[in-house]
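A quick write-up on the structure given underneath.
The values are calculated or read from the model by the stated rules, or taken from the named source; none is laboratory data. None of these values were measured; they are calculated from a predicted model. A quick note on method: Cβ atoms are made from the backbone with ideal geometry, for glycine too, and the neighbour counts reach across all protein chains shown.
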């Protein structure tokens, strides 16, 4: 309006048509800009529409540039064409003031600022320069400098305000993202200001604190919140005090709150720049999972008894408490007799059910206060109560054995289970747990050696026997590796022709310091120490070598154990021995016991069928001492049945024994098996066998003890090369001739 008024006054005073046109131009452009502004606000363009924004910017530049040109022409006319001081002064002063307004108002449109500045300054500077005076020329040049100065000022203002806008937008964005993060955070989050007042929180914090007895939390001092929590009594006071101390002293860390409801909350405290951030995490599920894992690590999953590790922990703690007492401690190890047979016969599901039933019966039969655990497999362990004496321990063991005489009912099956028990007592309760368990284990070994369903108490001789066995195991390994064992051969004689038809190979061990070690001692040791396969391989090789030097009609028999089926490739070992010594397969017999077959039923069947396919004879040894299961005679490729010496010992004067032996022999013959009677020691036994049974071959001391290789070769020559003995005395004479 000032521009219209002053240009109009100047036109009136100077009667200048040009200034009159300038005044009219100011009025017209002002009206046009007014309506253009209203149209812009009415359009309500979207800030994300670049086409519309460019359109309205161009309109603003055109109208603003036109206004700037009018200002410039006003100055040019007033300075050059109108000789009037008022007109010149008013045009220049108002135009310069307008330039300041351009910087302040139009900085947002960079192109508009540039166009308006040029349109105002250039005509004004031209007018001053055309005036002719030197001072005006200098002023004209200064106006050009002012052009660039104002242009720079507008740009700086624009950049400052644009940075502020961007900063505000970024702050708004970050605030929105933080709000989303806090709101959607799975855990509770809150912030305390420098005064300890809760200023920021999410809904999880409010919900968590409400469960702890705090109903109002927003904008409250945290100490007041803790006071409400303490009065509610949902959380231990010590935890609240610890949390209060860490917040007040700005200590970062974690505090665990265990609520009476059974929930667990972990609060993580972080401090930075006088602010305290608390993260509330409900860890109840994690605590429950850790407890389950802890139980699984300490408890046997099958029987729910303490496992070996946890039992050891309980026993060590209990023994430490008893260290000052005078009462003895007793460690008992229980082992189910023939449990593998139950597993093999009925399956592992029945076996597992039986173990659970055994654990339950042990728990109820042992005295109250006994610490009971499962070592693994079919072994259980117990530590006697702290108030028991030796008599109590003895009675407890007897009661346990009595309880196990009653059958278990498992899935409709009535299973009679016997238990072997090893007991170690100590008058000094401070004895090492390991020592007690070792002694109990040695006692268990003795109990199992004594038979089924019995117990043994550890004594010093067991320890001596243990170390003796350990020495023998080490020396036996050396003897096998160095080949210092030897073989003896006991002949098997045809009962009709009295000729030797086969010889059983028997390992012998002459210890350099301890003398002769019986096979009944070192064979079990070889099985325990895993040397049995190496021993069998050595015996197989030596037996094949000796047999190859005998007459072609005589074979050799070698015993194999259950461990041979799984410890080595038995077929490969036999094939190697036969090839090495060029021995035909039919001259080799393999003897296995019923126990060996039962322990490795499936594997034994596979291996024995493979050997039978090679032409090797298979004998069932010690028939009658094991399970005497006829199913094995039917399903396995046996060619020979060896009746144990227990059937032979009293046949000379026991009718029942004779009848039983005759029927067993007849069964073997009916199954097309060669029947051999072991343990024949007297002529009366031999005569009875000949008279009433179908036994085809005999073996025993009556004919010959086991002989070394040279002696058995000589015996074969004497017996088989001579004619058939007419009387037993003649055979005996040939055997004993040296």
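Considering each of 677, 646, 684 in turn, give the residue that is assigned by TED's automatic domain parsing to the domain that holds residue 555 and over 24 Å from residue 559 (Cβ atoms). Reasoning before the result, please.
Working: 677 fails: over 24 Å from residue 559 (Cβ atoms); 646 fails: over 24 Å from residue 559 (Cβ atoms).
Selected residue: 684, the only one of 677, 646, 684 that is assigned by TED's automatic domain parsing to the domain that holds residue 555 and over 24 Å from residue 559 (Cβ atoms).
At pLDDT below 80, farther than 26 Å from residue 54 by Cβ and either touching a helix residue (DSSP H, G or I) at 6+ places or on another chain (Cβ under 6 Å) or not assigned by TED's automatic domain parsing to the domain that holds residue 150 (or both) - does that describe any residue in region 111-121?
yes
I'd like the full set of residues that are within 24 Å of residue 622 (Cβ to Cβ) and either modelled with pLDDT of 90 or more or buried (at least 20 other Cβ atoms within 10 Å of the Cβ) (or both), limited to region 565-576.
Hits for region 565-576 are 565, 570, 571, 573, 574.
When you look at residue 417, is it at pLDDT 85 or above, crowded, with 19+ Cβ neighbours inside 10 Å, in contact with a helix residue (DSSP H, G or I) (Cβ under 8 Å, 6 or more places away or on another chain) and in a loop (DSSP other than H, G, I, E, B), yes or no?
yes
Go through (1) assigned by TED's automatic domain parsing to the domain that holds residue 604; (2) not in a strand (DSSP E or B) for residue 473 and report which single condition fails.
Unmet for residue 473, out of (1) assigned by TED's automatic domain parsing to the domain that holds residue 604; (2) not in a strand (DSSP E or B): (1).
What do you reckon, is residue 363 within 29 Å of residue 313 (Cβ to Cβ) and buried (at least 21 other Cβ atoms within 10 Å of the Cβ)?
It is false that residue 363 is within 29 Å of residue 313 (Cβ to Cβ) and buried (at least 21 other Cβ atoms within 10 Å of the Cβ).
Count, please, the residues in region 70-91 that happen to be surrounded by fewer than 20 Cβ atoms within 10 Å (Cβ to Cβ) and in a helix (DSSP H, G or I).
The total comes to 5.
Which numbered condition trips up residue 556, out of (1) more than 28 Å from residue 721 (Cβ to Cβ); (2) in contact with a strand residue (DSSP E or B) (Cβ under 9 Å, 6 or more places away or on another chain)?
(1)
For region 262-298, which residues satisfy the criterion of being part of a loop (DSSP other than H, G, I, E, B) and either farther than 27 Å from residue 200 by Cβ or at pLDDT 85 or above (or both)?
Keep residues of region 262-298 that are part of a loop (DSSP other than H, G, I, E, B), which gives 262-263, 273-274, 283.
Of everything in region 262-298, those that are part of a loop (DSSP other than H, G, I, E, B) and either farther than 27 Å from residue 200 by Cβ or at pLDDT 85 or above (or both) turn out to be 262, 263, 283.
Go through 562, 544 for me and flag whichever is surrounded by 19 or more Cβ atoms within 10 Å (Cβ to Cβ) and at pLDDT below 90. If you could, list the steps in order and put the result at the bottom.
On the way: 544 fails: at pLDDT below 90.
Of the residues listed, the single one that is surrounded by 19 or more Cβ atoms within 10 Å (Cβ to Cβ) and at pLDDT below 90 is 562.
If residue 214 meets every condition in (1) in contact with a helix residue (DSSP H, G or I) (Cβ under 6 Å, 6 or more places away or on another chain); (2) within 16 Å of residue 279 (Cα to Cα); (3) without any contact (Cβ under 8 Å) to a residue 24 or more places away in the chain apart from one, which number is that one?
The one condition residue 214 does not meet is (2).
Within region 114-132, is even one residue closer than 22 Å to residue 91 by Cβ and surrounded by fewer than 13 Cβ atoms within 10 Å (Cβ to Cβ)?
Taking every residue of region 114-132 in turn, at least one turns out to be closer than 22 Å to residue 91 by Cβ and surrounded by fewer than 13 Cβ atoms within 10 Å (Cβ to Cβ).
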